[in-house]
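The values are calculated or read from the model by the stated rules, or taken from the named source; none is laboratory data. Predicted model, so just to flag it, every value in this text is computed and none were measured. Note that each Cβ is placed from the backbone with ideal geometry, even for glycine, and that neighbours are counted across all protein chains shown. Accessible surface is based on the protein model in full, side chains and every heavy atom, while ligands, DNA and RNA are left aside. Shrake-Rupley method; radii C 1.70, N 1.55, O 1.52, S 1.80 Å.
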Amino acid sequence: MRNGTVAVALALVSTACARPPSTGLPAPVASTLAGWADECRAANGTPRTDNAVRRSDLNGDSRDDYVLFLGWLACDNAPSVFGDREKTLMIFAGDDAGGARPAFDDQVYDARIEESGTAKVLWLTTSGSECARPPAQSFSEETFCDRALVWNPSGRFE
């Protein structure tokens, strides 16, 4: 019986050690990030997710919102797995329970959070109709613009 107890204890310890470290992210954000990391691994890459999500109160409700941008997720050995131009950007709005829900999803060229005092704005680099222009005939002729994301009273960013 004692050997069986030791074997069970060792199995529990090895299972606990095999678990990935907690990201401190709400479940929907963590699972989405894990899915993108799996896509990197499927392309024989090594994901570096430490900078892929940024926290900031973007809607002024005093809770962290979470910005996940594939341009911030490095995939060593498979850098083009997420494309070389536009990349997915997702925002999860934080809630009172420490969770988050999807509040925006689009393809953008770049993203940056600008902070001025307590005001925080997410700027997205985009092109074409998002810049009030028709799409260019080729990528080399494309013009880009930055646009600020705003919180809509319906509970989404636009």
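Looking only at the range 114-132, which residues are within 23 Å of Asp84 (Cβ to Cβ) and either among the aromatic types (Phe, Trp, Tyr) or touching a residue at least 12 places away in the same chain (Cβ under 8 Å) (or both)?
Filtering the range 114-132 for residues within 23 Å of Asp84 (Cβ to Cβ) gives 122-131.
Answer for the range 114-132, where residues must be within 23 Å of Asp84 (Cβ to Cβ) and either among the aromatic types (Phe, Trp, Tyr) or touching a residue at least 12 places away in the same chain (Cβ under 8 Å) (or both): Leu122, Trp123, Leu124, Thr125, Thr126, Ser127, Gly128, Glu130, Cys131.
Do the conditions hold for Asp105, that is, is it modelled with pLDDT of 90 or more, assigned to a strand (DSSP E or B), more than 17 Å from the chain's Cα centre (by Cα) and not basic (Lys, Arg)? Break it down stepwise before answering.
Details: modelled with pLDDT of 90 or more: yes; assigned to a strand (DSSP E or B): yes; more than 17 Å from the chain's Cα centre (by Cα): no; not basic (Lys, Arg): yes.
So Asp105 does not fit the description; no.
For the range 74-94, enumerate the residues that are loosely packed, with under 14 Cβ neighbours inside 10 Å and either touching a Gly at 6+ places or on another chain (Cβ under 6 Å) or modelled with pLDDT of 90 or more (or both). Let's see the steps before the verdict.
Taking the range 74-94 first, the residues loosely packed, with under 14 Cβ neighbours inside 10 Å are 76-77, 79-80, 83-85.
Hits for the range 74-94 are Asp76, Asn77.
Of (1) modelled with pLDDT of 95 or more; (2) surrounded by fewer than 19 Cβ atoms within 10 Å (Cβ to Cβ), Ser62 satisfies all except one. Which?
If we test Ser62 against (1) modelled with pLDDT of 95 or more; (2) surrounded by fewer than 19 Cβ atoms within 10 Å (Cβ to Cβ), just (1) comes out false.
State all residues of the range 43-59 that are touching a residue at least 40 places away in the same chain (Cβ under 8 Å) and either open to solvent by 20 Å² or more (accessible area, probe 1.4 Å) or not small (Gly, Ala, Ser) (or both); if no residue qualifies, say none. Can you show your working first?
Of the residues in the range 43-59, the ones touching a residue at least 40 places away in the same chain (Cβ under 8 Å) are 54, 56-59.
Answer for the range 43-59, where residues must be touching a residue at least 40 places away in the same chain (Cβ under 8 Å) and either open to solvent by 20 Å² or more (accessible area, probe 1.4 Å) or not small (Gly, Ala, Ser) (or both): Arg54, Asp57, Leu58, Asn59.
Considering only the range 40-69, state which residues are over 9 Å from the mean Cα position of the chain (by Cα) and under 13 Å from Ala100 (Cβ atoms).
Passing the criteria: Arg55, Ser56, Asp57, Leu58, Asn59, Asp61, Arg63, Asp64, Asp65.
Just to be sure, is Glu114 open to solvent by 80 Å² or more (accessible area, probe 1.4 Å), in contact with a strand residue (DSSP E or B) (Cβ under 7 Å, 6 or more places away or on another chain) and assigned to a strand (DSSP E or B)? Quick ask: steps written out before the conclusion?
Details: open to solvent by 80 Å² or more (accessible area, probe 1.4 Å): yes; in contact with a strand residue (DSSP E or B) (Cβ under 7 Å, 6 or more places away or on another chain): yes; assigned to a strand (DSSP E or B): yes.
Yes: the conditions hold for Glu114.
Quick one: is Thr23 over 16 Å from Phe104 (Cα atoms), open to solvent by 50 Å² or more (accessible area, probe 1.4 Å) and modelled with pLDDT of 95 or more? Spell out how you get there, then give the answer.
Values: over 16 Å from Phe104 (Cα atoms): yes; open to solvent by 50 Å² or more (accessible area, probe 1.4 Å): yes; modelled with pLDDT of 95 or more: no.
When the stated conditions are applied, Thr23 does not pass them.
Just checking, how many residues over the range 117-157 are open to solvent by 80 Å² or more (accessible area, probe 1.4 Å) and part of a strand (DSSP E or B)?
3
Taking only the range 95-108 into account, find how many residues are over 24 Å from Thr46 (Cα atoms) and open to solvent by 40 Å² or more (accessible area, probe 1.4 Å).
Taking the range 95-108 first, the residues over 24 Å from Thr46 (Cα atoms) are 95-106.
If we keep only those that are open to solvent by 40 Å² or more (accessible area, probe 1.4 Å) too, we end up with 95-98, 101-102, 105-106.
Result for the range 95-108: 8.
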